[in-house]
1. May I ask you to verify whether V42 is touching a helix residue (DSSP H, G or I) at 6+ places or on another chain (Cβ under 6 Å), modelled with pLDDT under 95 and either in a helix (DSSP H, G or I) or β-branched (V, I, T) (or both)?
2. Pairs needed: first member in region 5-30, of a type in the set (S, T, Y); second member anywhere, surrounded by fewer than 12 Cβ atoms within 10 Å (Cβ to Cβ); C-beta distance under 7 Å; at least 6 residues apart or different chains.
3. Out of region 2-23, which residues are within 10 Å of the chain's Cα centre (by Cα) and part of a loop (DSSP other than H, G, I, E, B)?
4. For region 29-52, how many residues meet the condition of being farther than 16 Å from F3 by Cβ and either acidic (D, E) or within 13 Å of the chain's Cα centre (by Cα) (or both)?
5. Just one of K72, K19 is in contact with a strand residue (DSSP E or B) (Cβ under 9 Å, 6 or more places away or on another chain), surrounded by fewer than 14 Cβ atoms within 10 Å (Cβ to Cβ) and among the charged types (D, E, K, R); which is it?
6. Starting from region 42-69, take each residue that is more than 16 Å from L25 (Cβ to Cβ) and list its partners that are acidic (D, E), counting only C-beta distances under 6 angstrom and pairs at least six apart or across chains.
7. Can you tell me which residues in region 32-50 are out of contact with any Leu (no Cβ under 9 Å at 6 or more places or on another chain) and either surrounded by 12 or more Cβ atoms within 10 Å (Cβ to Cβ) or among the basic types (K, R) (or both)?
Amino acid sequence: MGFCSEECFNAACHNLLVKDVDWDLVKIYGKNTTYKEIRSLVKNQKMSLEDAKTLVTAHLKKKLGKNQFTHKVSQKE
């Protein structure tokens, strides 16, 4: 899902900066939603930041399963 390390995964869960892709939609309020839409809900105060973090973290952990990252820290060049 584009995470090179555990550090990148944790940062995405914290700041909600996850790239939208067609095949990865988050179910919220009974409909499929993008990460961009979730960030918009937070920005417009229709969802708390903490609720969004909890939702995104749970979704990503479910998608990744028991994936083990090869790297502990980001592999940015």
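The values are calculated or read from the model by the stated rules, or taken from the named source; none is laboratory data. Nothing here was measured: the structure is a model prediction, and the numbers come from that model. Note that we place each Cβ from the backbone using ideal geometry, even for glycine, and neighbour counts take in every protein chain shown.
1. no
2. From region 5-30, the pairs are S5/K72; S5/V73; S5/Q75.
3. L16, L17, V18, K19, D20
4. The qualifying residues number 10.
5. When all the criteria are applied, what remains is K72.
6. F69/E6
7. Passing the criteria: K36, E37, S40, L41, K43, K46.
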